[in-house]
Amino acid sequence: MSLIMSLNSGSSSLKFQVFRMPAEVLIASGLIERIGLPSSVFTVKANDHEESATLDIPNHKEAIRLVLESLKSHGIVSDLKEIAGIGHRIVHGGEKYSASVVINEQVEKDIELLSDLAPPANLLGVRVIDEILPEAVQVAVFDTAFHQTMEPISYMYPLPYEYYEKYGIRKYGFHGTSHGYVTKRLREILGSENSRRIISCHLGNGGSLAAVKNGKCVNTTMGFTPLAGIMMGTRSGDIDPSILAYLSEKEHLSLQGVTDLCNKKSGLLGVSGISSDMRDIENAIKDGNARAKLACDMYVQRVCSTIAAYAVQLGGVDAILFTAGIGENSIYLRQLIIETLEDAFPIELDRTANNIRRKEAKISTTSSRIQVWVIPTNEELVIARDTYRLMK
């Protein structure tokens, strides 16, 4: 019996779960939201008790330290050394890593080399754990691995081929651990014959969609980096690349400056001028804020356009699923997306069934030919499974 902790660092969040393996018994879990934003929220569930606190947590390093302290204060462990293994969600594995690996010096160097493609909190987490728990086995679970089944027609860019050969410039895709888990779960529910063509919508502060055929990814929205694809909390998603050179000249920005603008000041935040958090956007819409409504409408249009394109590539759709922070919790946004699709697809939302949060449920009507589901993601369980397997 071993205690395994999964750490899942998102762009503004940190999830953790502690499992007793191999029984896969969850003994503690928690979520820190709005990292780097005012009034971060830290929620911990342990010993059949859940509590939340509102704090100012400036960065992921402080978030991880807070998580480890909470395991002791809640009696999950008396000594942090009881945690035998820690699995990390690592954003980018490039072409070198198509499966999870035990982290050693070389793996850490490889992750660092890729950090300019996906500036993450992941490697920071590895180093914080190195300081506090040097004897623990650490495992990297790569977000790009699930998407390695894409064919060249989907992952290649229409650039000179030599840049793929020299620099590995191609679509890699991200959120793969989540897309893999939720689509596998939906296929367990529906059976393989009724779930051959799934469009998975991982909608959070970062967001991506994946087209999954017979359990394998055939396309996804994020690309060479997580900046590509749909509009996100602070990321622009796909835009005309000439805009970058134009803004660089007009605003006297370096290449890094325009990249930071697209990564950190765009998306919902940039259009609304209010927040990168969809909850704040929804509240502003209720107050009649026109820019908040514009940001939300743009977001919905981009998600729906991608669903339509993936339906063509898949040759139809058996099911659409929503997951992650927005996908699991925003009743309003799910309704907007499905109602936008209803004129073009044989799909119908059950508004009563849609009135749920963080719960596995079918939210389409019985007459809807395309099923719609909410499947809470559990990247942490996947991470724990891989960590325990590799420890063995």
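None of the figures in this text is laboratory data; all of them are computed from the coordinates on show. Remember, it's a predicted structure, so these values are computed and weren't measured experimentally. When we count neighbours, we look across all protein chains shown, and the Cβ atoms used for this are built from the backbone with ideal geometry, even at glycine.
Can you give me the ranges of the helices (runs of 4 or more DSSP H) entirely in the range 217-280 with at least 3 residues that are touching a Gly at 6+ places or on another chain (Cβ under 6 Å) and free of Cβ contacts under 8 Å to residues at least 40 places away in the same chain? Per the criteria, no element qualifies.
Is it the case that some residue within the range 27-42 is part of a loop (DSSP other than H, G, I, E, B), charged (D, E, K, R) and free of Cβ contacts under 8 Å to residues at least 24 places away in the same chain? There is no residue in the range 27-42 that is part of a loop (DSSP other than H, G, I, E, B), charged (D, E, K, R) and free of Cβ contacts under 8 Å to residues at least 24 places away in the same chain. Within the range 191-215, the set of residues being within 18 Å of GLU360 (Cβ to Cβ) and buried (at least 17 other Cβ atoms within 10 Å of the Cβ) comprises SER195, ILE198, ILE199, SER200, CYS201, HIS202, LEU203, GLY204, VAL212. Taking the range 1-38 as the range and being within 17 Å of ALA140 (Cα to Cα) and basic (Lys, Arg) as the test, only LYS15 passes. Counting the residues of the range 305-363 that are in contact with a Leu (Cβ under 8 Å, 6 or more places away or on another chain) and more than 18 Å from VAL212 (Cβ to Cβ) gives 10. Tallying residues that are farther than 20 Å from ALA63 by Cα and either of a type in the set (Val, Ile, Thr) or in a strand (DSSP E or B) (or both) within the range 17-26 yields 4.
Any residue at all in the range 22-31 that's of a type in the set (D, E, K, R), more than 19 Å from VAL102 (Cα to Cα) and in contact with a strand residue (DSSP E or B) (Cβ under 9 Å, 6 or more places away or on another chain)? Explain how you work it out, then say what you get.
The initial filter retains those residues of the range 22-31 that are of a type in the set (D, E, K, R), namely 24.
Filter once more, so that each one left must be more than 19 Å from VAL102 (Cα to Cα): 24.
So of that shortlist, the ones also in contact with a strand residue (DSSP E or B) (Cβ under 9 Å, 6 or more places away or on another chain) come out as none.
Among the residues of the range 22-31, not one is of a type in the set (D, E, K, R), more than 19 Å from VAL102 (Cα to Cα) and in contact with a strand residue (DSSP E or B) (Cβ under 9 Å, 6 or more places away or on another chain), which makes the answer no.
For the range 82-116, a residue qualifies if it is of a type in the set (D, E, K, R), assigned to a helix (DSSP H, G or I) and without any contact (Cβ under 8 Å) to a residue 24 or more places away in the chain, and the qualifying residues are GLU105, GLU108, LYS109, ASP110, GLU112. Pairing each residue of the range 158-185 that is under 26 Å from ALA361 (Cβ atoms) with any residue that is aromatic (Phe, Trp, Tyr), provided the two are 6+ apart or on different chains, yields C-beta distances under 6 Å for GLY176/PHE146; HIS179/PHE146; GLY180/PHE146.
Is there a residue being more than 19 Å from the chain's Cα centre (by Cα) and under 30 Å from ALA84 (Cα atoms) anywhere in the range 284-298? Checking the range 284-298: not a single residue is more than 19 Å from the chain's Cα centre (by Cα) and under 30 Å from ALA84 (Cα atoms).
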